[in-house]
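Participant: The structure follows.
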Amino acid sequence: MSNESFTEQAAARLARLRERCADPGFRAALRHWLSDAGRPRAYQALMELRGTLDDEDFNTIAALYACHPDHSDNGGTLGLLCHRLSAGLSTFEGRFKRLLLCDAEELRQRLQPVILAARAKGISVNYEKLYLDMRSWTHDFYGDQVRKNWAQDFWGQPEAVDAKPREVPL
């Protein structure tokens, strides 16, 4: 699948997610994905969205969106989100460094507190960009590029950080 068609497919999946998450009960079902014990409660909702449970990254994004359904196409990378969240919090830099070191499974587990912090501060999340970055995470070259983009957005000069997400080929 080409990068462009996967990006279009990701956009369509997120549009469907936003549409279905207007229902509070649907959002509640999706949030169960974040708990190992509650995961089976999310299966029906995820099957309705995609017809499969195979994409762990999408399932995680759907559950995170259900926790904080404030999407912005101009939200930037997770690095920029963490930069915004770190204002006034000296411990947040350590959390961000840990995210950069995670494997794919640990990354999925560590995203919930970041998204909940964004919800608490009223900061939008670019879930489409996050999903695309997660899909690239395990690739040797592209995963490293995602990490570099996040680091640049976190530690770069705030005025130099472009809120428009950079594309990382899949």
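Please treat every number below as a calculation from the coordinates, not as lab data. Keep in mind that what you see is a predicted model, and the values were worked out from it rather than measured. Positions of Cβ are generated from backbone atoms using ideal geometry, with glycine treated the same way; all protein chains shown enter the neighbour counts.
Participant: Just want the ordering: Val125, Val114, from fewest to most Cβ atoms lying within 10 Å of their own Cβ.
Facilitator: Val114, Val125
Participant: Can I ask one more? Ranked by Cβ crowding within 10 angstrom, fewest neighbours first, how are Cys82, Cys21, Cys102 ordered?
Facilitator: Placing the least packed residue first, the sequence is Cys102, Cys21, Cys82.
Participant: Please give the charge dipole size of the chain, origin at the Cα centre, charges +1 on K and R Cβ atoms and -1 on D and E Cβ atoms. Round to the nearest 20 debye.
Facilitator: Value, rounded to 20: 600 debye.
Participant: Running Debye on region 78-160 with equal point scatterers at the Cα sites and no solvent, what base-10 log of I(q)/I(0) appears at q = 0.14, 0.16, 0.19, 0.22 Å⁻¹?
Facilitator: -0.43, -0.57, -0.82, -1.13
Participant: Identify which of Ala42, Ala22, Ala63 has the largest mean-square fluctuation in a Gaussian network model of the chain, with springs joining Cα atoms closer than 10 Å.
Facilitator: Looking only at Ala42, Ala22, Ala63, the biggest GNM fluctuation is shown by Ala22.
Participant: Add -39500 (n - 2.57) for each DSSP H run of 4 or more in the chain, then divide by its residues: what number comes out at 222 nm, to the nearest 500 deg cm²/dmol?
Facilitator: -20000 deg cm²/dmol
Participant: With only alpha-carbon atoms counted, please give the Rg and Dmax of the chain, in Å.
Facilitator: Using the Cα atoms of the chain, the pair Rg, Dmax is 15.3, 44 Å.
Participant: Which cross-chain or sequence-distant (5 or more) residues have an amide H under 5 Å from the amide H of Val125, H modelled 1.01 Å from N in plane?
Facilitator: The answer is Asp70, His71, Ser72.
Participant: While we're looking at this one, here's another question. Each residue of region 24-34 in order: what ³J(HN,Hα) in whole Hz does its phi give by Karplus 6.51 cos²θ - 1.76 cosθ + 1.60, θ = phi - 60°, with x for Gly and Pro?
Facilitator: The phi angles translate into x, x, 5, 4, 4, 5, 5, 4, 5, 4, 6 Hz.
Participant: Residue-wise, which Karplus ³J(HN,Hα) couplings in Hz belong to region 106-120, taking 6.51 cos²θ - 1.76 cosθ + 1.60, θ = phi - 60°, and x for glycine or proline?
Facilitator: 5, 4, 4, 6, 8, 6, 4, x, 5, 5, 5, 5, 4, 4, 4
Participant: If you don't mind, there's one more thing I want to ask. Along the Cα→Cβ direction, 7 angstrom out, place labels at Lys148 and Asp70. What is the inter-label distance in nm?
Facilitator: 3.2
Participant: Write down the Å³ per residue value for the convex hull defined by the alpha carbon atoms of region 35-89.
Facilitator: 116
Participant: Sticking with this one: For region 91-96, in order, what is each residue's ³J(HN,Hα) by Karplus, 6.51 cos²θ - 1.76 cosθ + 1.60 with θ = phi - 60°, in whole Hz (x at glycine and Pro)?
Facilitator: With the stated coefficients, region 91-96 comes to 7, 5, 4, x, 4, 5 Hz.
Participant: Mind telling me which of Leu78, Leu116, Leu130 comes out most flexible in a GNM of the chain, alpha-carbon contacts under 10 Å?
Facilitator: Highest fluctuation of the listed residues: Leu116.
Participant: Could you list Arg108, Arg20, Arg98 in order of exposure, starting from the residue whose Cβ has the fewest other Cβ atoms within 10 Å?
Facilitator: In increasing order of surrounding Cβ atoms, one gets Arg98, Arg20, Arg108.
Participant: I'd like the distance between the alpha-carbon centres of region 19-68 and region 94-136, rounded to an integer number of Å.
Facilitator: Going from one Cα centre to the other spans 16 Å.
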